[in-house]
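Everything on this sheet refers to the single structure shown next.
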Amino acid sequence: MNTKTIKEKVLIQAKPEEVYNVFLNARKHSEFTGSKATCNPKVGGKFTAWDGYIFGKTIRLEKGKKIAQHWQTTEWPEGYPWSTVEFSFKKKGDGTELTLVHSKVPKEQADSYREGWKDYYWKPLQKYFKK
């Protein structure tokens with residue numbers, strides 16, 4: 001199975017704890033994406049985003065610093081293992097440098113997911129914190 005890793009960095013004008021929390025709080029996640037999300041914010045807890053299009057479970061949490069999740073979508077190729085999404089949050093100036101490492105992404109879907117992170121996460125997240 002051919003896979004790729006997506007790496008992204010984006011600057012968000014909010015504190016690391018605030019950005020961290022928006023990924024684990026279903027109400028806030030739904031607000032910034034505009035689509036229903038669910039989240040049990042603990043290690044082993046399940047989550048969904050984008051009305052169930054994205055789903056998985058949280059495998060690691062470092063409060064205000066890191067989130068790691070097993071992650072798939074409803075378009076995942078049959079037989080492929082879970083991908084791993086790691087978000088890291090680091091104070092940079094008066095904002096947060098958010099680093100994404102999304103590994104084990106099916107190669108044929110990697111470009112689509114890379115664009116999806118930009119269009120459906122980074123841009124709405126930046127807009128959400130500019131309020």
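Rule-based calculations on the coordinates, nothing more; no lab input. Everything numeric in this text was worked out from a predicted model, so none of it was measured.
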Taking a ≥ b ≥ c as the square roots of the Cα gyration tensor eigenvalues, with a/c under 1.5 meaning rounded and otherwise prolate when a/b beats b/c or oblate if not, segment 1-44 comes out oblate
Between the alpha carbon centres of segment 1-35 and segment 88-131 the gap in Å comes to 6
Test of understanding: what is the full-extension gain from Trp82 to Ala26, defined as 0.36 nm times their sequence separation minus their Cα-Cα distance? 18.0 nm
For Lys9, counting only aspartates and glutamates whose alpha-carbon sits under 20 Å away and dropping same-chain residues fewer than eight positions off, the answer is Glu17, Glu18, Glu62, Glu86, Asp94, Glu97, Asp111, Glu115, Asp119
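Report the gain in length on full extension from Lys36 to Gln13: 0.36 nm times residue separation, minus Cα-Cα distance, nm rounded to one decimal.
Values: separation 23, 0.36 × 23 = 8.28 nm, distance 2.36 nm.
Length difference between fully extended and current span is 5.9 nm.
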For the cross-link pairs Lys15/Lys107; Lys66/Lys104; Lys104/Lys130; Lys4/Lys130, which exceed 30 Å when the distance is taken from alpha carbon to alpha carbon? Lys15/Lys107; Lys104/Lys130; Lys4/Lys130
